[in-house]
1. Find the residue count for segment 34-81, including only residues that are within 14 Å of ligand 1 (Cβ to nearest atom) and either among the small types (Gly, Ala, Ser) or in contact (Cβ under 8 Å) with a residue 12 or more places away in the chain (or both).
2. Given (1) outside any loop (DSSP other than H, G, I, E, B); (2) touching a Phe, Trp or Tyr at 6+ places or on another chain (Cβ under 9 Å); (3) away from ligand 1 (no atom under 16 Å from the Cβ), identify the lone condition not met by GLY84.
3. Have a look at VAL156, VAL128, VAL98 and point out the one that is in a helix (DSSP H, G or I), of a type in the set (A, V, I, L, M), touching a Pro at 6+ places or on another chain (Cβ under 7 Å) and farther than 22 Å from PRO50 by Cα.
4. Go through segment 16-56 and report how many residues are in contact with a Cys (Cβ under 8 Å, 6 or more places away or on another chain) and small (Gly, Ala, Ser).
5. Among the listed residues VAL107, VAL98, VAL128, identify the single one that is at pLDDT 95 or above, over 23 Å from LEU217 (Cα atoms), away from ligand 1 (no atom under 13 Å from the Cβ) and within 17 Å of the chain's Cα centre (by Cα).
6. Between GLU93, GLU123, which is of a type in the set (Asp, Glu) and either on the phi > 0 side of the Ramachandran plot or in a helix (DSSP H, G or I) (or both)?
7. Of all the residues that make up segment 190-208, how many are of a type outside the set (Val, Ile, Thr), touching a Leu at 6+ places or on another chain (Cβ under 9 Å) and either more than 12 Å from ligand 1 (Cβ to nearest atom) or closer than 16 Å to ASP31 by Cα (or both)?
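The values are calculated or read from the model by the stated rules, or taken from the named source; none is laboratory data. Source: prediction; values computed, not measured. Note that each Cβ is placed from the backbone with ideal geometry, even for glycine, and that neighbours are counted across all protein chains shown.
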Amino acid sequence: MNDIRIAPSILAWDLGDLERAVEISVEGGADQVHLDVIDGHFAPNITFGPGTVKALRRRCELKFDTHLMIDNPQQYAEKFLEAGSDLLTFHAEVLDGVSFDDLHRIVSSKGKEMGLAVKPGTELPPWVSERLDKISTLVVMTVSPGFSGQTMDMTVMPKLQKISKLVEDQGLKTDIEVDGGVEPENVHEVVKRGGNVLVAGAGVYAKKDPVAAISLLREKAERVRRSH
Ligand code: DX5
Ligand code: ZN
């Protein structure tokens, strides 16, 4: 079973002070920083691009987990890798087997990890099964992409469980990342179903003490692990 990893999503912080957002992640002992890139086409918001990732890279050494919610990832993958992303996640909804393979070549040629995300209503497409071993992180979204601060969609839980079982049955070490509405109160729901990377936007940055919120999420998750 892979270790629990906490991935604060800086989208939930003051976008005028992202330097502080990454500092908080460091101070709280986060394992990676989750960077949400949204283009206004794939999802109804516009966030930031490779320039921002690069600027934050100079200020932070944590693993950068860049979540591309964009329609045309082929056009930008290299730029986000060069900017300093360590894990680059693409959405299954905008790929097929051929484009996945092209992107995988690009990501692995830079020695980086590739993630694959699905929206709440999307099942893993058939072309994924023969490529599972190329994916370091499967991202199960539990809110519609676009905004931080939404409530976790619990109807996604059976899919999360199914994906975790698929990974386990194949003997793979794929991380299962849960993204959307993760809060201390629902950590048990996702960890008991195999989620090990917990993205938290509002669950960290909207709290009075965001640094402590990171440890609290970790404690809750570890406690579920011990009791199972
Ligand atoms: C949604 C993003 C999420 C989001 C998480 O489009 O992919 O990463 O910022 O924020 P919370 O945890 O507040 O749902
Ligand atoms: Zn995200």
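1. 21
2. Only one criterion in (1) outside any loop (DSSP other than H, G, I, E, B); (2) touching a Phe, Trp or Tyr at 6+ places or on another chain (Cβ under 9 Å); (3) away from ligand 1 (no atom under 16 Å from the Cβ) is unmet by GLY84, namely (1).
3. VAL156
4. 1
5. So the residue among VAL107, VAL98, VAL128 that is at pLDDT 95 or above, over 23 Å from LEU217 (Cα atoms), away from ligand 1 (no atom under 13 Å from the Cβ) and within 17 Å of the chain's Cα centre (by Cα) is VAL107.
6. GLU93
7. So the count comes out to 8.
Yes or no, residue by residue, for (1) in contact (Cβ under 8 Å) with a residue 12 or more places away in the chain; (2) not in a helix (DSSP H, G or I):
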position	(1), (2)
LEU172	yes, yes
GLU183	yes, yes
GLU189	yes, no
VAL204	yes, no
LYS207	no, yes
SER215	yes, no
GLU219	no, no
GLU222	yes, no
